[in-house]
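A short worksheet on the structure shown next.
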Amino acid sequence: MTDVIEQPGEPLDPFESSEGDEIANTFWGDAWRILKRRKLFWLSAGLIVVFAMMAVVPGLFTAPSPAPQDPGGINCVLSNAEQSPSGEHWFGTDTQGCDYFVQVIHGAKVSMRVALGATLVTVIIGLLLGGVSGYVGGWIDNVITRLADGFFALPYLVGAIIVLSALAGGSRRSEWHVLTAIAFLGWPAVLRLFRSTVLQVKNLEYVQAARAMGASDRRIMMRHIFPNAIAPTLVYSTIGMGAVISIEATLSFLGIGLPLGTISWGIMLQEAQQEAIAGQSLHLLIFPTIFLVLASLAFVLLGEELREAFDPRLR
């Protein structure tokens, strides 16, 4: 990757730069200068913005707002069941004659909310436990890492079934139960990543200098270690959001996630599989799959772009 060339006259020392140039010479400023030149970064970020708008304001894409009991809203006409895509129904209709485009657009709401919520919970737990484990060390580190190892030993699918069954069963299950199950099983990965980064950063010279000057552990962690150790976790979390979208859809498709009747891409795929096996109404399988793949891929690509921008070895 092409190195960033400083403009003539621009101060190289961040302490000598003016207030407007301070960010330009920082680690985050260097990463932004790289990212804003990458077309793949803007493409993936644009896709994420589109899916976020689908989740928050689906009315920008389609007028009806379907209810859980009637996913197609006013567009459900039984005589129009299983129609192929047309000018009137862009994605065709489902087995109950509901406009499939409306359902696919509104299906982004559950996937994005579960992805954001589960990722936030896993990151918060992982950062707290990983920071304490890496910085304090000793028996506290041993207890936390052994606890994480116990979670890693549990197969993900089996763990999800256990957690979801313990929280709620059948039709009583909601997206919050799925979110909790994914977060409950996902935090050990964030913990290990952040802990390993803290172990590297806490022995650097500037941290030792701050400790020698009498800085408290809290100040050292928040002002010196955390800002310089968070980048790998940010990359992992971005990629992880794409994985959570796929996990939620997989759990729902297997019948252990969201209940039938929920507007979700995974539920749509579950309901469409029998029609697809029979070779009929393939559009019921194709369109949710396309949106699911694009949503997951957007977060994965964005995470890869962040990784290349944050890693000095790849610049």
* Quick one: which of 262-268, 182-188, 148-154, 122-128 comes out on top by average Cβ neighbours within 10 Å, and what's the full order, highest first? -> 262-268, 182-188, 122-128, 148-154
* Asked: Taking the Cβ-Cβ separation of Leu199 and Arg33 as r and a Förster radius of 35 Å, what is the calculated FRET efficiency to the nearest 0.05?
  -> 0.75
* What order, most packed first, do the peptides 44-57, 236-249 have when packing is the mean number of other Cβ atoms within 10 Å of each residue? -> 236-249, 44-57
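Where a number appears in this text, it was derived from the coordinates with a stated rule and is not lab data. Worth saying up front: this structure is predicted, and the values here are computed from it rather than measured. Methodologically, a virtual Cβ is constructed for each residue, glycine included, from the backbone with ideal geometry; neighbour enumeration extends over all protein chains shown.
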